[in-house]
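To start, the structure itself, in C-alpha cells.
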Amino acid sequence: MPHARLLVVGAVVAAIGILPVAVAKTSRPDPAKDRLNASDLALLGGVIELVQHDYVHPIGSADLTKDALKGMLNRLDPHSDYMDEQEFKETQADISGHFGGLGIQISSLNGVPKVIAPIDGTPADHAGLQPSDLIVAINGQSTQDMGLTKIVRLLRGDPGTKVTITILRGTKTPFDVTITREIIQVASIKSKMEPNGVGYVRITEFGENTAQDFRKAIEKLKQDSGGLKGLVLDLRNDPGGLLSAAVSIGDDFLTEGKVVSIHGRNGADDHIYRATPGELLPNTPVVVLINGASASASEIVAGALQDTKRATVMGTQSFGKGSVQTVIPLNGHGALRLTTALYYTPSGRSIQGQGILPNVVVEAPKDQQVEGGLVLRESQLQGAFKNPGTLNQNGKSGTKNENAAGDKEANAREGRSSYATPIKNDLIGTANDGQLKAALDYLAKNPGVTTGQAIRQ
C-alpha cells in the first residue's frame, strides 16, 4: 500500500497530538518476505466474529478492528500507534501550532499519562501543571490504560469549555485541577538580551515556523546588542517536534559536516542531514541548556552542537528519545504512526534510552525544583528500545557508547544524576532562574571560548 509518509521525531503525544516532519516515499514491502500467514488472518477474523456474536453488549466490527490495530501498534513501543480517520484529522491542526486544548505534552508511564511539560502561556501553564505530573483521572474517569489518543480526545474540546483533571504529583495526595480550554497558538521562540551583550533564546517546541522565527530573533538580538558576545540557547522542557526545524536550527550554527543521521531497518529509511556553508553567529560563544524534559528534536540540536564542539551543553541529562516515527495514511481509514528508524548525532552516538549528558552538569536549585517531581526517562517507558550503540564505518550500530549518558557506573563515579528534578516551568528564563544564571556566569568567565568541550567518547 504505497503512500506518502510523514517522519515524526516528536517526543510525545501532546494534549493535542503529534507533529509531522517531512514527506518521504514509501517503499513497497518485498512480497517474498514476511508474508502474512492466512491462518493468522483467519484467527483475527474469527475472534472478531466471536466477540460480535457472544459479547454481552453489541459491538460493531469497525470498533473491534480499530482496537485490534491499536493494540497491535501500541505493543510495539511507546510511540507507535494507529489513528482512526477522526484522530488523524485532529492531528493536522497541530502542524501549524494552532489548535484547541490545554497546552501540555504528555507521554505514558505504566499506562498513565505523564506530563512532559506544559506549553508556556497556555491554560495548562496558567493552571500550574508541572513536568512529571501524572494525570490519573479526567472528569472523574480513570486514565489507567486508556491510551494516549483517547486521552487527547478527552482533553480537547470547544474553547471556553472546562475539563477537570486529577493530578498525582510525587508523594502528594491527588488533587483536582479544573482548566478552561482555549485555542492554543504556540509561540515557540522567546528571546531577550541579558547583561554583558549576551542573548537568550528559548525554544519551547520545534514547529513549522520555529526555524524562521529563530533567525528573526537572532537578527533582532544582534541589532539590539550591536554585536552579540554570547548566546544561551534554552531547550529545557522542549519535547521536540519537527525534524526539519531541528536540522535547520542546527545548521544555523554549523558550516559543514553532519547535523544528524537517520538509520532504519530498510536502507530506504537511511538519511544524512548535512550543514550548509555559513552560520548565524560565527565566533560567538554558545551555551545550550537542557534537562530531563528536553527530548527528540531538542536532543538532535544539543547533540549536534556538542559533537561538533560548537557549544557547551549545560544542565542535566536529557530524556533519551532517539527514534523516528513515520506517519502512513491509510486511504480514508486513518493512519499508522510507526517507528521506522533511529537517529544518531554527528559522531554516531545513539540518543535512544540514554540522552545527552551535559558538558557541565548544573541542577536546578532545590527551591526551584518541581516539588515531588521526578522526570522519568525514555528507557523507563514500557516497550522502549535499548540503546543500539554507536555507528561503525559501515553505518551499522552495535558498538557500546563508552561513557555515554546512560552509563550508570560512569554516572555514579562522576556524581551525575540520571533523574534530576526539573525546574518549575514558570521560572525558566526569569531573573531567578538558577541554571540560566550558571550559563551566564560560564560565558562571563569564558568570553573567548567559541566551542564546547565534547564529552569523552
Using θ = phi - 60° and the Karplus form 6.51 cos²θ - 1.76 cosθ + 1.60, what ³J(HN,Hα) does each residue of the range 227-242 get, whole Hz, x for Gly and Pro?
-> x, 5, 9, x, 9, 9, 9, 9, 10, 5, 6, 9, x, x, x, 7
Packing-ranked peptide list from 169-180, 246-257, highest mean Cβ count within 10 angstrom first, is 246-257, 169-180
Given a Förster distance of 60 angstrom, what is the FRET efficiency for Asp67 paired with Thr255, based on the Cβ-Cβ distance and rounded to 0.05?
-> 0.75
Where does the range 322-362 land on Rg(C-alpha)/(2.2 N^0.38 Å)?
-> 1.72
Which of the pairs Lys216/Lys424; Lys70/Lys258; Lys150/Lys172; Lys172/Lys321; Lys114/Lys386 have their Cα atoms more than 31 Å apart in this structure?
-> Lys70/Lys258
Which value, in Å³ per residue, describes the convex hull spanned by the Cα atoms of the range 295-378?
-> 123
Could you work out how far the C-alpha centroid of the range 121-170 sits from that of the range 273-299, in angstrom?
-> 32
Using alpha carbon centers only, the range 338-383 is separated from the range 180-248 by a whole-angstrom value of 21
Sorted by chain and number, the residues with a modelled amide H under 5 Å from that of Val259, at a separation of 5 or more or across chains, are Tyr273, Arg274, Ala275
Along the range 193-198, Karplus-curve 3J(HN,Hα) (6.51, -1.76, 1.60; θ = phi - 60°) to the nearest Hz, with x for Gly and Pro, reads 8, 9, x, 6, x, 9
Using only alpha carbons, build the gyration tensor for the range 254-322 and give me the equivalent ellipsoid semi-axes, biggest first, whole Å.
-> 22, 19, 7
From the P(r) of the range 73-230, can you give the percent of Cα pairs sitting at distances over 21 Å?
-> 54
Hydrodynamic radius of the range 158-233 per Kirkwood, over alpha carbon pairs, in Å = 15.4
From the Cα gyration tensor of the range 229-384, with a ≥ b ≥ c the square roots of its eigenvalues, which class applies: rounded if a/c is under 1.5, or else prolate if a/b is larger than b/c, or else oblate?
-> oblate
Which ³J(HN,Hα) values, rounded to whole Hz and listed in residue order, are derived for the range 275-292 from phi using the Karplus coefficients 6.51, -1.76 and 1.60 in 6.51 cos²θ - 1.76 cosθ + 1.60 with θ = phi - 60°, glycine and proline given as x?
-> 6, 10, x, x, 9, 6, 10, x, 6, 9, x, 10, 10, 10, 9, 9, 8, x
Per the Cauchy relation, a quarter of the hull surface: what is the mean projected area of the convex hull of the alpha carbons in the range 192-261, in nm²?
-> 5.1
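Every read-out reported here was derived from the displayed coordinates using simple, explicitly stated rules and does not represent laboratory data. Just so it is clear, the structure is predicted and the values come from calculations on it, not from any experiment. Don't worry about glycine lacking a Cβ; one is built from the backbone with ideal geometry, like all the others, and counts go over all protein chains shown.
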